[in-house]
Structures are given as structure tokens and as C-alpha cells.
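Below is one structure; the comments refer to it alone.
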Amino acid sequence: LSAADAEVSVVRRFSTAASQTRDESAYTFVADGRPGLLPPWEVSAPVIDAVSRLAPDLVHVNGLMFPGMLRAIRESVGGNRAIVAQDHSGTVPSRSLLLRTVGRRRWRRAFDAIDACSFTARELALPWRDVGLPEDCPILEIPEASTTFDAIDRDDARLATGIHGAPAILWVGRA
């Protein structure tokens, strides 16, 4: 995004408050005094405040399993800002848990806060649809990658790996 001249800011819950700029992207680490992952319906007010101060045009949220944060971000940035939530193989709430506790309608209201959702493949959205992800929520299929890779000489690759497919690509991800 930075290479496309977009201003990129990252806000992240962390054990220690800090800020850093790297490769033209600003990183803000927000300590809210709570360890580990937030429970689904909890909200980290310091994180919401940090996002709000940035007045972003687009908010990318890592993980669908934080519906409380999705709703709070929407309330903070308003309806004229885009929010895209990305699934990272997060735990989909079980139907029995849903029926006993929060209910599908509550999840649906949380998912109404987003404008689109990204998955590595469209089919991965199906369990989230059962939870309440709206049928009309646009799904963006984006393979995750933390690094770039460049093609190397095919014969060298086959010799080094013992793989002889055409094409031969190794993609390692979280199941």
C-alpha cells in the first residue's frame, strides 16, 4: 500500500505502548493493561481511541472473532469509512455456544459494521455465514502471504526440492 502512495498506519494491542515508523508505515502499539486476546465482545477503548485519532478512510481489522471491536470501530469512525475484516483462520463460534449465549442476531449486528470481508477462499466464509455474516457482505479472496517470492530457474528448483510439477508452488498456511 505504501508503494501505491497510500498512508499506512497500523494500530495493535501490545503489552507495552510504543510507536515506530518502518518503510514509511507508522506503527502504534497500544497497551490496555489486559493480557492475551480479547474475549469476543470486549472492547479495548485505548485501541479504539488510537484508531479514531487517525481518522482513517479504510480500516482493516484482523480477525472476525472480535465482534465487539468491529462494532466499536464502526461507531468510532462513522458510517462513511470503509471497514474490511479479514479472517485469519479464527475460531468460529459453535452453534451450541451461540444458541446459549449471544445469539445469531447479535453477531449479525456486529457483522453489519463491516463493508467487506476477506478470506483466502470464498468457501471459508460459509461457517461465518452460519454465525451471522450477511449473505450480501462482499467476500474478497486474498491469499495470505508474509513474504514475496521470486521465480527461480525451474531445473534448479526441481533439483533442490525433488518436486516436478508444472507449476510447482509450495504454499504453507495455518489450517
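Before moving on, here are some points about what is shown:
Listed here are the residues, each with its yes/no results for (1) in a strand (DSSP E or B); (2) among the β-branched types (Val, Ile, Thr); (3) surrounded by 14 or more Cβ atoms within 10 Å (Cβ to Cβ).
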| site | (1), (2), (3) |
| --- | --- |
| 3 | no, no, no |
| 15 | no, no, no |
| 28 | yes, yes, yes |
| 32 | no, no, yes |
| 39 | no, no, no |
| 52 | no, no, yes |
| 59 | yes, yes, yes |
| 64 | no, no, yes |
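- When residues of region 80-107 are limited to those that are at pLDDT 90 or above and open to solvent by 10 Å² or more (accessible area, probe 1.4 Å), the one farthest from the chain's Cα centre (by Cα): 80
- For region 117-135, the candidate set comprises residues that are over 15 Å from the mean Cα position of the chain (by Cα) and assigned to a loop (DSSP other than H, G, I, E, B); within that set, the residue that is modelled with the lowest pLDDT is 132.
- Of all residues in region 136-154, those satisfying the criterion of being modelled with pLDDT of 80 or more, loosely packed, with under 12 Cβ neighbours inside 10 Å and of a type in the set (Asp, Glu) are 136, 153.
The values are calculated or read from the model by the stated rules, or taken from the named source; none is laboratory data. What you see is a predicted model; the values in this text were computed from it and never measured. When we count neighbours, we look across all protein chains shown, and the Cβ atoms used for this are built from the backbone with ideal geometry, even at glycine. Only protein heavy atoms, including side chains, enter the accessible area calculation; ligands, DNA and RNA are left aside. Shrake-Rupley method; radii C 1.70, N 1.55, O 1.52, S 1.80 Å.
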